[in-house]
Amino acid sequence: MKDTINVAFVGNPNCGKTTLFNAFTGAKLKVANWPGVTVERKEGETSYKGQKMKLVDLPGIYSLTSYSIEEKVTRECILGEDIDVIINVVDASSLERNLYLTLQLLEMGKPVILALNMMDIVRERGMEIDMHRLPEMLGEIPVVQVSARQRMGLDVLLHAVKHHYEEGPKGHVVQYSEDIEEVIEKVSIMLEANYGKNINSRWYAIKFMEYDEEVLQKYQVNMSNVIRKNYEKDIIAQKYKYIEEIMEETMMRREEKIQSTDKADKYLTHPVWGVPIFLVIMAAVFILTFTLGDFLKGWLEIALESFSDGMRNMLVAMNTSEVLVSLVVDGIISGVGGILTFLPNIAILFVALAVLEDSGYMARVAYVMDSIMGKAGLSGKAFLPMVLGFGCTVPAIMATRALEKQEDRRRVMLITPFMSCSARLPIYVMFSSIFFGKYAPLAAFSMYVIGMAVALMLAVIVSRIGHKKTENELLIELPEYKSPNARTIGIYVWEKVKDYLSKAGSTIFIASIIIWFILNFNAHGLTTDVSTSFGATLGKWVEPILRPAGLGMWQIAVALISGISAKEVVVSGFTVLFGVSNVSSPEGANAIMQSLSFYGFGPVNAYAMMVFCLLYTPCAATIGIIKKESGSIRFTLGVILFQLVLAWLAAVLVYQVGSRIF
């Protein structure tokens, strides 16, 4: 017995594979790229009765045909010597669809365990799976009922891993027609003669018969006398024929119950009403984000104010210099604390997005948007990175890897930053709350709509200019609707909140110190007149450029420049620039309003500011990932310049038109 058993989690997208993987590993994951390719892998560890196990969560796939990067990665990982046992996670409520991958895995010569997930949905529909006959028809492999959401069957699954590893693989289960089996046998003999009997000759023989490019390149054996045609369609057809036999003998009453999913999808995936319903749902999310978030935010405001006053009193009592007191209280605490008070709004938004994702709804949104993306000259796959952009632009840019063509990836990289990430939410909350009162949720929500509209219009323009339209169609599985799992949502939200807090303790912390420094020093040293500081000098250089957009204040220029480090820094910059200890409190908001009103800054200016922050140059982390994923400094610089110019033009349009109407 090895010290550590290496276990691979394999399954279709949306089968609950990652949720099950998280149930074993929690939030303690190791995430990296597979060597040589841009597909992420997740690794974790667990143990069962003293036996250590290394778990690897492989990309969600439908087959092992090696057409996509994900399929290639999964295949290479399983075929390698590192993987000892395969846990094939299947959605029991969609067993027929999932079993095609199962039959392929069984042919790969590794121990396979079938984990039947979502059995609660099967029972809710009044269906039943014969747990004695199903293992028999799959070659006596272990079949374990699990519930990733309810953490049921986890120990049984680990026991099966340990026991099945000791027993070894059970072998193939599909017996093809006589002519196919005859060719498989001949090809197997030829492969073993050239590469030895250690090779999984049957699996490779099938791949030869399917004209699999990777296998043909790797094993240079002339099979022209034996393989006279491509057997791929025949092999697929016979696999599905066997799957139908399995379903007939193991699944009872599968057609008796009308699926509630189909009823809901009549409306949620409707070609006309699907998009309006999505917008209404997102509007409700923002109303909740503001109402509940502002209520919880009040407690943080009180705590921050008490901490700030206490720290100031303590430093004064210790005879600390005024400069150091100002740095700690007016610089660090105001800057970082101002961002932390928006944590309830951020957390609520993440909870809402996690609920929509875990319930199965977000997959419907991508499906509904497929036709719209096609009209914009993009693949339906392009909407998946755009949806991720609502959380964070960095993983959204990384998700463009799903697109096959580099030119399509770059087009999506260009428009994805226009999706309002969570880092922009504090900006929207601050300005909309100060200037739009009860209409604040609507003002903030409009930024998300404008971002999507600009992205789609830009995609249309780029497509027309290039006279190119992608042919990649969206292939996405619409999972069953289910009640969101509290543990899954908790892990997701905690990871996002942790990233937010980490940014507050690093990027925003440093940015707050820098902003305080440039506002309190000039070429002659320390200054008490902020208008003569480095920051004022820098801001006044940029001020004339921003004036047509209604943003002609050097303080705004400094805040926007600092926002390139991280978009939240725009808010922390305002707290430092205007000397407000807590911008989210009623007193702080009133102080900001009075300071801005002195310069004639009103609701129209605020809206132009929000639009500029929506569209202008993304944060430093996003710039870095665009450079990495595109592999081009020239393209990255082009994105930065283009988005900066577009933001300026849009803000000018909003201000010039709005100031004449209102």
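The values are calculated or read from the model by the stated rules, or taken from the named source; none is laboratory data. Remember, predicted model here, so these are calculated numbers, not experimental data. Here Cβ is always computed from backbone atoms with ideal geometry, including for glycine, and neighbour counts include all displayed protein chains. SASA here: full protein model, heavy atoms, side chains in, ligands and nucleic acids out. Shrake-Rupley method; radii C 1.70, N 1.55, O 1.52, S 1.80 Å.
If you count, for each residue, the other Cβ atoms within 10 Å and average over each peptide, how do 444-450, 268-274, 8-14 line up from highest to lowest?
The most tightly packed comes first, giving 8-14, 444-450, 268-274.
Using each residue's phi in the range 55-60, evaluate 6.51 cos²θ - 1.76 cosθ + 1.60 at θ = phi - 60° and report the 3J(HN,Hα) Karplus result to the nearest Hz, with x for Gly and Pro.
Running phi through 6.51 cos²θ - 1.76 cosθ + 1.60 with θ = phi - 60° gives 9, 10, 8, 7, x, x Hz.
Say R0 is 41 Å: what FRET efficiency, to the nearest 0.05, do E96 and I510 get from their beta-carbon distance?
E between E96 and I510, to the nearest 0.05, is 0.15.
How many angstrom lie between the Cα centre of the range 541-597 and the Cα centre of the range 425-451?
After rounding, the separation between the Cα centres reads 16 Å.
What angle, in degrees between 0 and 90 and rounded to the nearest 10, separates the Cα long axis of helix 486-505 from the longest principal axis of the Cα atoms of the chain?
It works out to around 40 degrees.
Given the peptides 355-364, 97-106, arrange them by the average over their residues of other C-beta atoms within 10 Å, most packed first.
97-106, 355-364
What does the helix-only formula give at 222 nm for the chain: each DSSP H stretch with n ≥ 4 adding -39500 (n - 2.57), the total divided by the residues, and the result rounded to the nearest 500 deg cm²/dmol?
-19000 deg cm²/dmol
Cα axis of helix 274-317 to longest principal axis of the chain: angle in degrees, 0 to 90, nearest 10?
Relative to the chain, helix 274-317 is tipped by roughly 50 degrees.
For the chain, what % of the accessible area comes from carbon and sulfur atoms, probe 1.4 Å?
Of all accessible area on the chain, carbon and sulfur atoms account for 59 percent.
Give a residue-ordered list of calculated ³J(HN,Hα) values for the range 95-105 (Karplus: 6.51 cos²θ - 1.76 cosθ + 1.60, θ = phi - 60°; whole Hz; x for Gly, Pro).
Working through the residues one at a time gives 4, 4, 5, 6, 5, 4, 5, 4, 5, 5, 5 Hz.
Which of the residue pairs K17/K52; K239/K628; K54/K186; K266/K567; K110/K241 have a Cα-Cα distance greater than 31 Å in the structure shown?
Check vs 31 Å cut-off fails for K239/K628; K54/K186; K266/K567.
Which residue, chosen from L641, A237, A264, occupies the Cα position most advanced towards the positive end of the dipole of the chain, where the dipole is computed from +1 (Lys, Arg) and -1 (Asp, Glu) charges on Cβ about the Cα centre?
L641
Quick one: 3J(HN,Hα) in Hz for the range 620-635, Karplus 6.51/-1.76/1.60 with θ = phi - 60°, rounded, Gly and Pro as x.
Whole-Hz 3J(HN,Hα) from phi for the range 620-635: 4, 5, 5, 4, x, 6, 5, 4, 5, 6, 7, x, 9, 5, 4, 4.
Using Cα extents along the principal axes in Å as the read-out, say which of [x] 130, 77, 50; [y] 90, 58, 51; [z] 107, 65, 63 was calculated from these coordinates.
[y]
Considering only DSSP beta bridges whose two residues both sit in the chain, what percent are antiparallel, to the nearest 5?
In the chain, approximately 45 percent of DSSP beta bridges are antiparallel ones.
With labels modelled as points extended 7 Å from the Cα through the Cβ direction, what inter-label distance (nm, one decimal) is found for S632 paired with Y267?
4.5
In nm, what is the difference between 0.36 nm times the number of residues separating L538 and K241 and their Cα-Cα distance?
Working it through step by step, the gained length comes to 99.7 nm.
Leaving out ligands and nucleic acids, note down the accessible area per residue over the chain with a 1.4 angstrom probe, in whole Å². Working shown, then result.
Numbers: 29490 Å² over 662 residues.
Solvent-accessible surface per residue comes out at 45 Å².
With r as the distance between the Cβ atoms of E140 and Q594 and R0 = 60 Å, compute the FRET efficiency 1/(1 + (r/R0)^6) and round to 0.05.
0.20
Using only the Cα atoms of the range 170-224, what semi-axes does the equivalent ellipsoid have when each is the square root of 5 times a gyration tensor eigenvalue? Give whole Å, largest first.
Values: eigenvalues 59, 34, 24 Å².
So the equivalent ellipsoid measures 17, 13, 11 Å along its semi-axes.
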